[in-house]
Amino acid sequence: MALLRLQKVKKSFFGHKGEEIEVLTNIDLEVKQGEFVCLLGPSGCGKSTLLNIVAGLLSPDAGAVMVDGQPVGADRVGMVFQEGGLFPWLTVLDNVAFGLWVKGMGKKDARAKAREYLRRVHLEEFAFIYPHQLSGGMRQRVAIARTLAMDPPFLLMDEPFSALDTRTRRLLQQELLHIWQQTRKGILFVTHSIEEALLLADRVVVLSGRPARIKQEVTLPFPRPRDLRRPPFVFWEEELKSLFGEERDGQEYSQTFYDRALSQTAVLPAARPFVGRSV
Amino acid sequence: MLLPAPSDVLLTLVQGLKEGTLLLAFFSSLRRILVSFTLALTLGITGGLMLGRIFWLDRLLGSLIIALQSIPSVVWLPLALLWFGMGEGAIIFITSLGATWTMIINTGAGVKRIPPLIIKAAQTMGVSRLQLFTRVIVPASVPAILTGMRLAWAFAWRALMAGELLSSGTGLGQVLMMGRNLADMSQILAVMVIIGATGVAVDGFIFRRLEERVHRRWGLTG
C-alpha cells in the first residue's frame, strides 16, 4: 500500500514580469510504508517546492497528493529542514514537546514523551539548554526528535544534513538509518549528494532541471550499512553521475567533488586522527 | 553666577528628599509614566503585531506611523490641552503617544524579521492560526519588543518631563518650573539629577537586564 501518492502534480509560479514559470510538471511518485526514498536533483530544480506541496504548505496547481489515502494536511507529515528551524526561545526539551502541546497533550505528558525521543537521538542530557548552545549536528538531531515525537506516518527531510561537516553527516546518516529501521516509517529524503542517496535509499528518484519531472528511478535492494566502494554502488554512482551531470551546476559539482575527496582520504589510516586508539 | 556650587545642589537634594517634596514629585511622575507606559505597551505591541502580520495594514499605515514617530510628542501638547484640559489627561496622552509609535515600529519590525523557516516548521507541526500567533509569532518577537521597550521608555520619560514643565500638577517637571519661578538654581539642578538618575536606573536595572537575559538565552550576544 502506498503511504504517499502523488499523481500528476503540477506547480507554476509567476515571475517578476508576470510570466509563468513552470516548476513541476506531471510528477508521479509513490512511497510505501517503511520505504526510504531519496529525491535527487540539481539545486533550484523544484525539490523544495515539491516537498512543500507534500507537506501541505503549498497546494499544487493540478494533480493530487494523498497521504495514507487521505488528502494531505499540514499535520499529517513530519518535516525536517536543512537548518533545523528550532525555536530559540524554548529549551531543547520544550522544542521537542512543542508539537505535542499543539496537539493538545498536557505539559507534563508532553515533556515525558519528549524526553523519551531525546534519548533516542542521544541528547537527553541536553534537555534544559537552549538550541544556540548546541552544535549544528545536535540541532538536527533535536529537529529529528521533534518530528518523530509527533509520530507522523511519514517523514519528509529537506537536505537535513547538507549544512553539516562530513563526519557529523556520516554519523547522523547512521543514526537516521537506525531510527528508521526501528520505526519503519516512510521517508522522503531530498538531497543533492549522490553518495548520500546511495548510502541511505531503497529507491533513488532523479529529478531533471526546471521544470522538474522524474528522469529516472533506481531501486537499490542492498543491505545496510553500505560500502560505496563495492561494485553495485560504484556502478550506480557512475550511472547517476552521468545522469545528474547534465544538470549539474558548479556549486553542486564542487560539493560532490569535496565529498568524494574526503571519503577517499578517509580510507587511508593516516587520515583518520579521530579513531580513538591508545598507544 | 551661572551655576550653584555642587554642595548646594547636594544639600537641596538631600533636604528635598528628607522633607518629602522631591520624593512626592518623583512618585507623582513615576505614577504618570507607569500609567502611560502600560498604555503605550498595550497599544504598541498590539498594533505592531497586527502591522507585522497584516500586509495591507502595513502598506496603509506603515509610513504614516514612521512620520508620526518623527514628531516630538510635546508638539501634541497644545492639542492635548484642548482635548483633555490642564490636567493628568493631557500629560498621560502625550507621554504614551511618545512611546506608542516606537513600540509599534519595533514590534512590527520584529514580527517581519521572524525567519520564515520557524513559521514553516510550526505549520508542519499542525499549529492553528491562533496557536501560530500566540505560541510562535509573539514569543519570536520578544527580543524586538524588549528593544522597543527600552527606546519607548526613553521617549516616554522625555515626553513626560516636557509635558510636566508646560502644565500644572505635582511632578518633577513642575518642581523644575517652580525652581525657575523662585530663581532657585540648586533646586532646578537637584531635580535634573533625579530625572537623569531615574532614566539611567530604569534602563540599566530593568530593561538592559531583561534584554541581556533574553539575548543570552537566544544566543544573540556576539
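At R0 = 45 Å, how high is the FRET efficiency between A:Lys17 and B:Ser7 if r is their beta carbon distance? Nearest 0.05 is fine.
0.05
Distance in nm between label sites at A:Arg167 and B:Leu23, each 7 Å beyond Cα in the beta-carbon direction?
The answer from the label model is 6.5 nm.
Looking at A:Leu207, A:Phe126, A:Gln70, which one has the Cα that reaches farthest to the positive end of the dipole of chain A (charges on Cβ: Lys, Arg +1; Asp, Glu -1)?
Toward the positive end, the furthest listed residue is A:Phe126.
Could you give me the percent of Cα pairs per 10 Å distance bin for region A:88-151, shortest bin first, beginning at zero and ending with the bin that holds the maximum distance?
For region A:88-151, the pair-distance distribution reads 27, 60, 13, 0.
Treating only the Cβ of Lys, Arg, Asp and Glu as charged (+1, +1, -1, -1), what charge dipole size does region A:88-151 show about its Cα centre? Round to the nearest 20 debye. Each step should come with its number before you reach the end.
On the way: 11 positive and 6 negative charges, 17 e Å.
Around 80 debye, computed over region A:88-151.
Assuming R0 = 56 Å, can you tell me the calculated FRET efficiency for the pair A:His122 and B:Val193, based on Cβ-Cβ distance, to the nearest 0.05? Show your work: numbers first, answer last.
Details: r = 58 Å, r/R0 = 1.04.
Step by step, r from the Cβ atoms, then E = 0.45.
Counting only protein heavy atoms and a 1.4 Å probe, tell me what percentage of region A:88-151's accessible area is made up of carbon and sulfur.
Values: 1330 of 2690 Å².
Here it works out to 50 percent.
Give the B-A buried accessible area in Å², both sides summed, 1.4 Å probe, nearest 100.
Working: alone 12750 and 13880 Å², together 24690 Å².
Buried area (both sides, nearest 100 Å²): 1900 Å².
Please give the charge dipole size of the protein assembly as shown, origin at the Cα centre, charges +1 on K and R Cβ atoms and -1 on D and E Cβ atoms. Round to the nearest 20 debye.
Values: 55 positive and 42 negative charges, 186 e Å.
Value, rounded to 20: 900 debye.
May I ask you to give the solvent-accessible area per residue for chain B, in square angstrom, as obtained with a 1.4 angstrom probe? Let's see the in-between values first.
Numbers: 11760 Å² over 222 residues.
Computed with neighbouring chains in place, this is 53 Å² per residue.
Would you work out which of A:Ala143, A:Pro60, A:Met79 lies farthest towards the positive end of the dipole of chain A, given +1 charges on the beta-carbon of Lys and Arg and -1 on that of Asp and Glu, about the Cα centre?
After comparing all options, I get A:Ala143.
Carbon-plus-sulfur fraction of the accessible area of region B:6-215, 1.4 Å probe, in percent?
On the way: 7580 of 10620 Å².
Carbon and sulfur atoms account for 71 percent of the accessible area of region B:6-215.
For region B:40-79, just say rounded, prolate or oblate: build the C-alpha gyration tensor, square-root its eigenvalues into a ≥ b ≥ c, call rounded for a/c under 1.5, and beyond that prolate if a/b exceeds b/c, oblate if not.
Details: a/c = 3.38, a/b = 1.71, b/c = 1.98.
Because a/c hits 1.5 or more and a/b fails to exceed b/c, region B:40-79 counts as oblate.
Sequence neighbours fewer than 8 away in the same chain don't count; with that in mind, list the lysines whose C-alpha is under 29 Å from A:Lys32.
Counting by Cα, and skipping residues close in sequence, A:Lys32 has these lysines nearby: A:Lys8, A:Lys10, A:Lys11, A:Lys47, A:Lys103, A:Lys113, A:Lys185, A:Lys215, A:Lys241, B:Lys120.
Could you tell me which residue out of B:Ser7, B:Leu22, B:Ile114 lies farthest along the dipole of chain B toward its positive end? Charges go on the beta carbon: Lys and Arg +1, Asp and Glu -1, centred on the Cα centre.
Result: B:Ile114.
How about region A:81-111: which of its residues lose at least 20 Å² of accessible area in the presence of all protein chains relative to their chain isolated, using a 1.4 Å probe?
For region A:81-111, once contacts with the other chains are taken into account, A:Phe81, A:Gly85, A:Phe87, A:Pro88, A:Trp89, A:Phe98, A:Trp101, A:Val102 lose 20 Å² or more.
Angle between the Cα long axis of helix B:185-201 and the longest principal axis of chain B, 0 to 90 degrees, nearest 10?
That works out to roughly 20 degrees.
For helix B:6-19, what angle does its Cα long axis make with the longest principal axis of chain B, in degrees from 0 to 90 and rounded to 10?
Taking Cα atoms only, the helix is inclined about 80 degrees.
Any idea what the relative contact order of region B:6-215 is, in percent, if you count C-alpha pairs under 8 Å spaced at least 6 apart? Before the final figure, lay out the partial values.
Numbers: 257 pairs, mean separation 60.2, N = 210.
Once divided by the residue count of region B:6-215, the mean separation gives 29 percent.
Over the heavy atoms of B:Thr134, what accessible area does a 1.4 Å probe trace out, to the nearest 10 Å²?
Looks like 80 Å² after rounding.
Taking amide H positions as placed 1.01 Å from N in the peptide plane, with prolines and chain starts having none, which residues 5 or more places from A:Lys215, or on another chain, fall under 5 Å of its amide H?
Amide H to amide H, under 5 Å and 5 or more residues apart or across chains, A:Lys215 pairs with A:Val206, A:Leu207, A:Ser208.
Just to be sure I understand the model, the point goes 7 Å from the Cα along the line to the Cβ. What's the resulting B:Asn181 to A:Ala64 distance in nm?
8.4 nm
With +1 on the Cβ of every Lys and Arg and -1 on the Cβ of every Asp and Glu, and nothing else charged, how large is the dipole of chain B about its Cα centre, in debye rounded to the nearest 20? Walk me through the intermediate numbers first.
Working: 18 positive and 9 negative charges, 230 e Å.
Charge dipole, chain B, about its Cα centre: 1100 debye, nearest 20.
Quickly work out the A:His178-to-B:Leu60 label distance, labels modelled 7 Å from Cα along the C-beta direction, and quote it in nm with one decimal.
Computed distance between label sites B:Leu60 and A:His178 equals 5.6 nm.
Output the antiparallel fraction of DSSP beta bridges having both residues in the protein assembly as shown, as a percent to the nearest 5. List each step's numbers first, then the result.
Working: 21 of 39 bridges.
Bridges in the protein assembly as shown are about 55 percent antiparallel.
Quick one: 3J(HN,Hα) in Hz for region A:65-72, Karplus 6.51/-1.76/1.60 with θ = phi - 60°, rounded, Gly and Pro as x.
So the J values, rounded to whole Hz, are 10, 10, 10, 6, x, 10, x, 6.
Viscosity 1.306 mPa s, temperature 10 °C: Stokes-Einstein D of chain A from its Kirkwood Cα radius, in µm² per second?
On the way: Rh = 19.8 Å.
The diffusion coefficient I find is 80 µm²/s.
Please give the per residue accessible area of region A:88-151, computed with a probe of 1.4 Å over protein heavy atoms only, in Å².
Details: 2690 Å² over 64 residues.
Roughly 42 Å² per residue, with all protein chains present.
At a cut-off of 50 Å², which residues of region B:114-130 become less accessible once all protein chains are present than in their chain alone, using a 1.4 Å probe?
The answer is B:Leu117, B:Ile118, B:Lys120, B:Thr124, B:Met125.
Can you list residues whose amide H is under 5 Å from A:Phe189's amide H, if they're 5+ apart or on another chain and H is modeled 1.01 Å from N?
A:Val37, A:Cys38, A:Leu39, A:Met157
The values are calculated or read from the model by the stated rules, or taken from the named source; none is laboratory data. Nothing here was measured: the structure is a model prediction, and the numbers come from that model. Every residue, glycine among them, receives a Cβ derived from its backbone with ideal geometry; neighbour counts consider all protein chains shown. Please note that ligands, DNA and RNA were not included when accessible areas were found on the heavy atoms of the full protein model with its side chains. Shrake-Rupley method; radii C 1.70, N 1.55, O 1.52, S 1.80 Å.
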